[in-house]
Each structure stands twice: as structure tokens, then as C-alpha cells.
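For reference, the structure is listed below as C-alpha cells.
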Amino acid sequence: MCANIVYEWLKTLQLPQYAQSFVDNGYDDLEVCKQIGDPDLDAIGVAVPQHRRRIHEAVRRLKEADETAAGLYFTLEPQP
């Protein structure tokens, strides 16, 4: 289930209490979570400034990981 990855992500941020609110607001996949902004955090109910900063930083890291991985690809070709 996709919601598990969001729960695990929030757990690593020490913010698992927001997992159900994330899922209820449609943030049930990390790809969707990469789009989170301040209005989204308001809707989810993340009011504590430190929690908001932690989530914003984690979203930034998710986006950076995508940029790093974008240049990598693998092909499956037989060895000569």
C-alpha cells in the first residue's frame, strides 16, 4: 500500500502523527509529497513551525534525490 511509504517517511522525520492527515488529504505517495507547499501543510494540519521546516527540508531532499538519479540509467544488454 502506498500510504505505508508516506508513514515510513514521516516516521523517519519523527512526525508519524501526521500520517493519517497526509493520506486523508491525498498525499499517499512520495511523488505527490514532493509537491507539498505551505497551503498544503495548512490543510493537513501541520501548524508547528519546527514540523513544517522539517517537512520542507525533507521535500527538498526528495527533489534533490530525483535530480541526482535522473542522470542514471541502466540497460540490459548481453555481455560480449
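Odds and ends about this structure:
- Meets criteria (in contact with a Cys (Cβ under 8 Å, 6 or more places away or on another chain) and open to solvent by 60 Å² or more (accessible area, probe 1.4 Å)) for ASP24: no
- Taking segment 27-42 as the range and being part of a helix (DSSP H, G or I) and either open to solvent by less than 50 Å² (accessible area, probe 1.4 Å) or in contact with a strand residue (DSSP E or B) (Cβ under 9 Å, 6 or more places away or on another chain) (or both) as the test, the residues that pass are LEU30, CYS33, ASP40, LEU41.
- For first residues located in segment 14-33 and in contact (Cβ under 8 Å) with a residue 24 or more places away in the chain, partners that are open to solvent by 40 Å² or more (accessible area, probe 1.4 Å) and lie 6+ apart or on another chain with Cβ distances below 6 Å form the pairs SER21/GLY45; ASP28/CYS2; ASP29/CYS2; LEU30/ILE5.
- Selection count where residues are touching a helix residue (DSSP H, G or I) at 6+ places or on another chain (Cβ under 9 Å) and in a helix (DSSP H, G or I), scope segment 43-65: 9
- Scan segment 10-27 for residues that are within 9 Å of the chain's Cα centre (by Cα) and at pLDDT below 95 and the total you get is 1.
The values are calculated or read from the model by the stated rules, or taken from the named source; none is laboratory data. From a predicted model like this one, the values you see are computed outputs, not experimental measurements. Counting neighbours? That spans all protein chains shown, and the Cβs are built from the backbone with ideal geometry, glycine included. Keep in mind that these areas ignore ligands, DNA and RNA; they rest on the heavy atoms of the full protein, side chains included. Shrake-Rupley method; radii C 1.70, N 1.55, O 1.52, S 1.80 Å.
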